[in-house]
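Down below is the structure, laid out as structure tokens.
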Amino acid sequence: MRALLALALLTASAAAQETPCGPREVIAARIAQWGEVSQFAGVAQDGTLVEMWGNPASQTWTMTVTRPNGASCLTGVGTGWIVPLPVKPGRPT
């Protein structure tokens, strides 16, 4: 169901040449409905927040970017999400 909804959003947006966007709170709430939580994030030089959301149980993931003005956009969705094992300090990755 989630994959179909995401595909519909991305397909519709591709047809309209737009990416699904909205206030971060709205986008985050929708992603939470899919059982995904923010797994990691980073801030780019221009202040853009890039986040990867994932659900280890369903192995789904979503990538978002949030601009400094609070507008958040889905930039990718998929399957095959895995949580990597922690790397011990001093050990090669």
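Quick notes
- Segment 47-58 residues that are in contact (Cβ under 8 Å) with a residue 60 or more places away in the chain and closer than 14 Å to Ile82 by Cβ, paired with ones that are surrounded by 19 or more Cβ atoms within 10 Å (Cβ to Cβ) and basic (Lys, Arg) (beta carbon under 8 Å, 6 or more apart): none
- Given (1) modelled with pLDDT of 95 or more; (2) not aromatic (Phe, Trp, Tyr); (3) not in a loop (DSSP other than H, G, I, E, B), number of the condition Pro68 does not satisfy: (3)
- Scanning segment 71-93 for residues that are in contact (Cβ under 8 Å) with a residue 40 or more places away in the chain and assigned to a strand (DSSP E or B) yields a total of 7.
- Segment 22-45 residues that are open to solvent by less than 80 Å² (accessible area, probe 1.4 Å), paired with ones that are assigned to a helix (DSSP H, G or I) (beta carbon under 7 Å, 6 or more apart): Trp34/Arg2
- Number of positions in segment 34-65 that are small (Gly, Ala, Ser) and not in a loop (DSSP other than H, G, I, E, B): 4
The values are calculated or read from the model by the stated rules, or taken from the named source; none is laboratory data. This structure is a prediction, so every number in the text was calculated from the model and none was measured. Using ideal geometry, Cβ is built from the backbone for each residue, glycine included, and neighbour counts are taken over all protein chains shown. In case anyone asks, the SASA skips ligands and DNA or RNA and just uses the protein heavy atoms, side chains included. Shrake-Rupley method; radii C 1.70, N 1.55, O 1.52, S 1.80 Å.
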